[in-house]
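Working notes for the structure below.
The values are calculated or read from the model by the stated rules, or taken from the named source; none is laboratory data. Just so it is clear, the model here is predicted, and its values are computed rather than measured. Neighbour counts are summed over all protein chains in view; Cβ atoms, including those assigned to glycine, are modelled from backbone coordinates with ideal geometry. Keep in mind that these areas ignore ligands, DNA and RNA; they rest on the heavy atoms of the full protein, side chains included. Shrake-Rupley method; radii C 1.70, N 1.55, O 1.52, S 1.80 Å.
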Amino acid sequence: MFSLFCDSFLTRKGEMGMKQAIKSIDAFPRAEDHLLQKTQSGALVSVVGLVIMALLFLHELRYYLTTYTVHQMSVDLKRGETLPIHINMTFPSLPCDVLSVDAIDMSGKHEVDLDTNIWKLRLNNDGHIIGTEYLSDLVEKEHAEHKHDGNKDEHEDSDQKFQFFDQAAENMIKKVKQALAHGEGCRVYGVLDVQRVAGNFHISVHGLNIYVAQMIFEGSIHVNISHIIHDLSFGPKYPGIHNPLDETKRILHDTSGTFKYYIKIVPTEYRYISKEVLPTNQFSVTEYFSPMKDSDRTWPAVYFLYDLSPITVTIREERHSFLHFITRLCAVLGGTFALTGMLDRWMFRLVEALTKPNARSAYR
């Protein structure tokens, strides 16, 4: 019995020693409640500290949930794909009957795609829609040296054709002149699907017979090619994209000319945080305007000459890791708690220093 008692006593003593050893490494010792002194200044500092910590917590949570983008560049390996061209333009001084769209690739041949969808909206003098027309043949199917470049032989051929104007041509001339007199304009919008090679597309009056155009406008210098580019893009839009030609206005007064926009297309992939990939393109542009002269034998137009970059840009959405969020949260909350604790001690000592002399004077 005595040996059992000794063993039990030693065991308890060892457990108590272990508990004391564990308590000795406590970094957060607790004081007795009757030893703690609570003050109004401490309550004020505590409330302010809690408000600050709540605001910092919300800020850090928002920072963690917000995605950021990372840009990477690599060689473009795409082949055999088409390039979508989204067009949305207004020509406030030209009727729809005289406007045509022409797309040419670097080989000199016109691009014809059955998926091409182009619409023209007739606009009155106030810009309101008064008619709609769908053009499946807006992209011309053949292309040699352009019929409006003023070559002598072409004019001789046109002289012969001029003698055989039919009633439809006369009606068209009359209709267009009436539209011009009423200030009718046109909005051209839709999608051109072209080959993924360098080329150009332009919107002009080139689809007209040269003598029909001459009868309507009485000279190329009277063709007002003023335009507003509402939207021009080469693929779907992604968050943060900036198309430099959107909402571009070029209004001419008492003059005419040819606008040329030189576009450098950069293939782009946007990868969402959900791993969804959006293939598109972004671009940069430079602009050139060539005014028309009475001696010029060409007709004004709006050209978009584009070329593709051999480099593709990958934009990837990412989010800060949860471990990074916890680290920042502990830092800001712990720092705020420590700072408010220091502020509370300083205020307590200040109040104590100010009240002690008053207490001594009252005692005397």
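For this structure, a couple of remarks:
- Coupling constants for the stretch 331-340 follow from the phi torsions by the Karplus curve (6.51 cos²θ - 1.76 cosθ + 1.60, θ = phi - 60°), and in residue order they are 5, 6, 5, x, x, 5, 5, 5, 5, 5 Hz; glycine and proline get x.
- Based on C-alpha pairs under 8 angstrom that are at least 6 apart in sequence, the stretch 217-364 has a relative contact order of 24 percent.
- Protection proxy ranking for 207-213, 75-81, using the average of other Cβ atoms within 10 Å per residue and placing the highest first: 207-213, 75-81.
- The residues of the stretch 204-273 have, on average, 42 Å² of accessible surface per residue, using a 1.4 Å probe with all protein chains present.
- Restricting the stretch 257-361 to GluC sites (Glu not before Pro) that sit in a DSSP loop and have at most 14 other Cβ atoms within 10 Å of their own Cβ leaves Glu276.
- The simple spin-label model puts a point 7 Å past each Cα toward its Cβ; for Met106 and Phe325 those points are separated by 4.7 nm.
- When each of Lys78/Lys275; Lys120/Lys264; Lys174/Lys260; Lys177/Lys249; Lys177/Lys260; Lys175/Lys249 is checked by Cα-Cα distance, pairs over 29 Å: Lys174/Lys260
- What separates the Cα centres of the stretch 39-75 and the stretch 269-284 is a distance of 30 Å.
- Ranking of Ile85, Ile25 by solvent-accessible surface, largest first: Ile25, Ile85 (1.4 Å probe, protein heavy atoms only, all chains present).
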